[in-house]
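Q: This structure is in structure tokens; I'll ask about it shortly.
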Amino acid sequence: MNFNDSVTKNNLARSFSAECQAGARYQFMSKLAIADQQKFISDTLKTLAKNEMAHAKVFYDHIIKMNGGSVKNIPIEAGYPFDDPILKTSLMEESKIELAEGDNIYPSFARIARDEGFPEIAKSFELVAKVEKTHFRILNYLAKLYKANKMHKRSVATEWKCGNCGNVEISKQGWTTCPLCSMPSGYIIIDFEKEEKTDPNN
Ligand SMILES: [Fe+2]
Ligand SMILES: [Fe+2]
């Protein structure tokens, strides 16, 4: 199929927009986290924003390459979220968007791309879908802890590590200020992958 007549061209443009917007929203939220002294959440959101911009670039590059150069205008009809950035609710809202992208939207775009004869583009959609599922798990985990005011409280003893000085302590509850460098608890690094394995009820 000719790329310019394909649904995939439109899907790439839509996905580019969605990734840019997610990147922007994560940067907005990252500032909110800083205002709330949640350095670790802020840093995590910055990393996610960087990931989204990298995804946007992959989709953008496909369009340029397939078209053999610049495209003047691609009209897109699609709905995009304009979520009022409030950390308590936005972490969960964003996690739902990530899950929809990872489970449904990008896998379906991948299938369409394959059907239309663009296996390389299909592969990109599949790989991005995998990353979005990881983003879902990170955001969902943080959303639950943050909303329940349990960022630094666990039901079992866990390892707390200061993201500023590297100080480590093992207890059920993290410090309010780091005993070594006095930085606030928001600097504590949360190893969500490890915690997911050790205590699924957190
Ligand atoms: Fe993304
Ligand atoms: Fe994502």
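The values are calculated or read from the model by the stated rules, or taken from the named source; none is laboratory data. Fair warning: this is a prediction, and the values are worked out from it, not measured in the lab. Cβ sites come from the backbone with ideal geometry, for glycine too, and all protein chains shown count toward neighbours.
Q: Test of understanding: among A49, A54, A22, A33, which residue is in contact (Cβ under 8 Å) with a residue 40 or more places away in the chain and either within 20 Å of F125 (Cβ to Cβ) or within 14 Å of ligand 1 (Cβ to nearest atom) (or both)? Talk me through it step by step, then tell me what you get.
A: Working: A49 fails: in contact (Cβ under 8 Å) with a residue 40 or more places away in the chain; A54 fails: in contact (Cβ under 8 Å) with a residue 40 or more places away in the chain; A33 fails: either within 20 Å of F125 (Cβ to Cβ) or within 14 Å of ligand 1 (Cβ to nearest atom) (or both).
It is A22.
Q: When segment 133-173 is examined, which residues are found to be out of contact with any helix residue (DSSP H, G or I) (no Cβ under 7 Å at 6 or more places or on another chain), part of a helix (DSSP H, G or I) and away from ligand 1 (no atom under 16 Å from the Cβ)?
A: K144, L145
Q: On to the next question. If only one of S108, S70 is within 16 Å of ligand 1 (Cβ to nearest atom), surrounded by fewer than 20 Cβ atoms within 10 Å (Cβ to Cβ), over 30 Å from D43 (Cβ atoms) and without any contact (Cβ under 8 Å) to a residue 12 or more places away in the chain, which one is it? Break it down stepwise before answering.
A: Details: S70 fails: within 16 Å of ligand 1 (Cβ to nearest atom).
Of S108, S70, the one residue that is within 16 Å of ligand 1 (Cβ to nearest atom), surrounded by fewer than 20 Cβ atoms within 10 Å (Cβ to Cβ), over 30 Å from D43 (Cβ atoms) and without any contact (Cβ under 8 Å) to a residue 12 or more places away in the chain is S108.
Q: Might you let me know whether segment 75-94 holds any residue that is surrounded by fewer than 15 Cβ atoms within 10 Å (Cβ to Cβ) and in a helix (DSSP H, G or I)?
A: Yes, that holds for at least one residue.
Q: On the given criteria, is L87 within 14 Å of ligand 2 (Cβ to nearest atom) and touching a residue at least 40 places away in the same chain (Cβ under 8 Å)?
A: Details: within 14 Å of ligand 2 (Cβ to nearest atom): no; touching a residue at least 40 places away in the same chain (Cβ under 8 Å): yes.
Judged against the criteria, L87 is not a match.
Q: Return yes when I64 is more than 16 Å from ligand 2 (Cβ to nearest atom), in a helix (DSSP H, G or I) and surrounded by 14 or more Cβ atoms within 10 Å (Cβ to Cβ) and no when it is not. Steps first, please.
A: Numbers: more than 16 Å from ligand 2 (Cβ to nearest atom): yes; in a helix (DSSP H, G or I): yes; surrounded by 14 or more Cβ atoms within 10 Å (Cβ to Cβ): no.
Taking the combined requirement at face value, the residue does not satisfy it.
Q: Here's a follow-up. Can you tell me how many residues in segment 175-201 are under 25 Å from the mean Cα position of the chain (by Cα), surrounded by 14 or more Cβ atoms within 10 Å (Cβ to Cβ) and not in a strand (DSSP E or B)?
A: Of the residues in segment 175-201, the ones under 25 Å from the mean Cα position of the chain (by Cα) are 184-201.
Narrowing further to those that are surrounded by 14 or more Cβ atoms within 10 Å (Cβ to Cβ): 184-190, 192, 195.
Filter once more, so that each one left must be not in a strand (DSSP E or B): 185-187, 190, 192, 195.
The qualifying residues number 6.
Q: Same structure again: May I ask you to verify whether K46 is assigned by TED's automatic domain parsing to the domain that holds A143 and not in a helix (DSSP H, G or I)?
A: Values: assigned by TED's automatic domain parsing to the domain that holds A143: yes; not in a helix (DSSP H, G or I): no.
Here the answer is no, as K46 does not meet what is asked.
Q: Using the structure shown, decide if K130 is farther than 30 Å from D36 by Cα, more than 14 Å from ligand 1 (Cβ to nearest atom) and of a type outside the set (A, V, I, L, M). Steps first, please.
A: Numbers: farther than 30 Å from D36 by Cα: yes; more than 14 Å from ligand 1 (Cβ to nearest atom): no; of a type outside the set (A, V, I, L, M): yes.
Here the answer is no, as K130 does not meet what is asked.
Q: Quick check on E52: is it crowded, with 19+ Cβ neighbours inside 10 Å and of a type outside the set (A, V, I, L, M, F, W, C)?
A: Working: crowded, with 19+ Cβ neighbours inside 10 Å: yes; of a type outside the set (A, V, I, L, M, F, W, C): yes.
Spelling it out, E52 is indeed crowded, with 19+ Cβ neighbours inside 10 Å and of a type outside the set (A, V, I, L, M, F, W, C).
Q: For the list (1) over 23 Å from A49 (Cβ atoms); (2) within 14 Å of ligand 2 (Cβ to nearest atom), I need the number of the one condition that F118 fails.
A: Just one mismatch for F118, condition (2).
Q: Do the conditions hold for K9, that is, is it within 30 Å of W160 (Cα to Cα), in a helix (DSSP H, G or I) and in the same structural domain as F125 (by TED's automatic domain parsing)? It would help to see each step written out before you state the result.
A: Numbers: within 30 Å of W160 (Cα to Cα): no; in a helix (DSSP H, G or I): yes; in the same structural domain as F125 (by TED's automatic domain parsing): yes.
Taking the combined requirement at face value, the residue does not satisfy it.
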